[in-house]
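Contents: one structure, followed by commentary.
Only the coordinates and a few stated rules stand behind these numbers; no lab work does. If you're wondering where the values come from, they're calculated on a predicted model, not measured in any experiment. Every residue, glycine as well, gets a Cβ built from its backbone with ideal geometry; the counts of neighbours run over all protein chains shown.
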Amino acid sequence: MTTQPSTQTRAIDRIRSDVRAMHAYVVQHSVGYLKMDAMENPFSLPEALQRQLGERLGRLPINRYPGARLDDLKAALLAYAGAPKDAAILLGNGSDEIISLLALALAQPQQGQRATMIAPMPGFVMYPMSAQLQGLDFVPVSLTADFELDEAAMLAAIAEHRPAITYLAYPNNPTATLWSEASVQRVIDAVGEQGGLVVMDEAYQPFASRSWITRMRAEPERNAHVLLMRTLSKFGLAGVRLGYLIGPAAIVNEIDKVRPPYNVSVLNCEAALFALEHTDVFAAQAQEIRTGRTALVEQLRAMPGVLQVWDSEANMVLIRVADAARAYEGMKARKVLIKNVSTMHPLLANCVRLTVGNAADNAQMLAALQASL
Ligand SMILES: Cc1ncc(COP(=O)(O)O)c(C=O)c1O
């Protein structure tokens, strides 16, 4: 007797085979661990602000769909970022959602018309994943061995592939590098000549010495095809989920058409507005993290067994050790979670990525690392 596959098996078979072949995004189990794997801000909200925020959120009309407060949030974010006059803004449920929306808006699923996405690699994993899911061709361009932008390789890839969209993470994850402004501008110019879009991903802007917004304000024409993507995650609101995209209104308004209408909840919106009323608190936290980063990098450079430490413009530090898997496991056994990025890209062989925490976190992380090398 032949057995019929169950209805569940048959239903699962209807899901795209490339999706079934994928691995789900792994969020490490972290209860009981010091979490130094995801570049979260280590500081919680001061108690008085916690109470005020609680009261604000408690009064919200959660029986209503999000409404006019979103306009207040957009205005507050444009002002906070110092956006160019006439720029428009789109809100996302984290910048991860904006990455998906961009791929959705730019994909050309028809046979023979596929759009191309270019990004330097190693880089943020969501760019290639969004390309795969929406059917764009993804062209990775390797960074140099010291994680600088390979300008010649980028220009060659742009000329060959005429990308619809090019991502530049400024600073980059997981390398924490902030590429030369002149190189980035030449890449942006080259994409513009081919009629493509550039997304400057500034997720780590609170910890960086430069932002592309300055160039957008200085030379709006030259940056007329550039979109600036930011998030409140690393600023201190990773749990809130609020990303934003700033750029020329004509382009931003087209992307906005594929956004689900109520993608940012009244809770996200109000929490973000509240945070923007207290930017001094978050700026002081970012300053403390930057100061701690300098000390952390120095201590890592002095630690026997740490082979290489890259300069950082973000709240993470990339290091190379003799055996990344062993360092990762040793630290995990000592209740410190970091990210082993060594298999993500050949240039990252035996590299691990450390989040910069507060002074106590950094000390605990360094002790666990030393004992694990
Ligand atoms: C370069 C970069 N862009 C975007 C994001 C996504 O941030 P979120 O979805 O939390 O806004 C991250 C998160 O780590 C990142 O590293």
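Overview of values
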read-out	value
Label-point gap, in nm, between GLU160 and VAL125 - each point 7 angstrom along Cα→Cβ	2.7
Potential extension, TYR65-SER209 segment - 0.36 nm per residue separation minus Cα distance	48.0 nm
For the chain, share of DSSP beta bridges that run antiparallel, in % to the nearest 5	50
Share, in percent, of DSSP beta bridges within the stretch 65-277 that are antiparallel, nearest 5	35
Within a Gaussian network of the chain (alpha carbon springs, distance under 10 Å), most fluctuating of ASP323, ASP150, ASP18	ASP18
Coil-residue trypsin sites (Lys or Arg not before Pro) of the stretch 63-125, DSSP, other Cβ within 10 Å capped at 16	ARG64, LYS85, ARG114
Added length on full extension, which subtracts the Cα-Cα distance from 0.36 nm per residue, VAL252 to GLN308	16.1 nm
Pairwise centroid distance, computed over Cα atoms, of the stretch 70-98 with the stretch 231-301, Å	10
Spin-label pair ARG217/THR343, simplified geometry with 7 Å Cα→Cβ offset, distance in nm	4.5
Pairs of Cα atoms farther than 17 Å apart, the stretch 241-301, %	63
Projected label distance in nm at ARG20 and ALA224, using a 7 Å step from Cα toward the beta-carbon	4.8
Length added when fully stretched, LEU373-GLU193, from 0.36 nm per residue minus Cα-Cα	59.9 nm
Summed residue charge, Cβ within 14 Å of VAL31's Cβ, Lys/Arg positive, Asp/Glu negative	+2
Reciprocal mean inverse distance between Cα atoms of the chain - Kirkwood radius, Å	22.1
Two-site FRET efficiency, SER142 against ALA322, from Cβ-Cβ distance with R₀ of 25 Å, rounded to 0.05	0.60
Most fluctuating residue given options GLY330, GLY236, GLY357, as computed from a GNM of the chain linking Cα atoms under 10 Å	GLY330
Cα-Cα P(r), the stretch 65-277, percent of pairs per 5 Å interval	1, 7, 16, 20, 21, 17, 10, 5, 2, 0
Rounded, prolate or oblate (a/c below 1.5 giving rounded, otherwise prolate when a/b exceeds b/c) for the stretch 60-178 by Cα gyration tensor	prolate
Over the chain, relative contact order from alpha-carbon pairs under 8 Å, at least 6 apart, %	21
Under 16 Å from the Cα of LYS335 - aspartates and glutamates, other chains or at least 8 residues apart	ASP37, ASP361
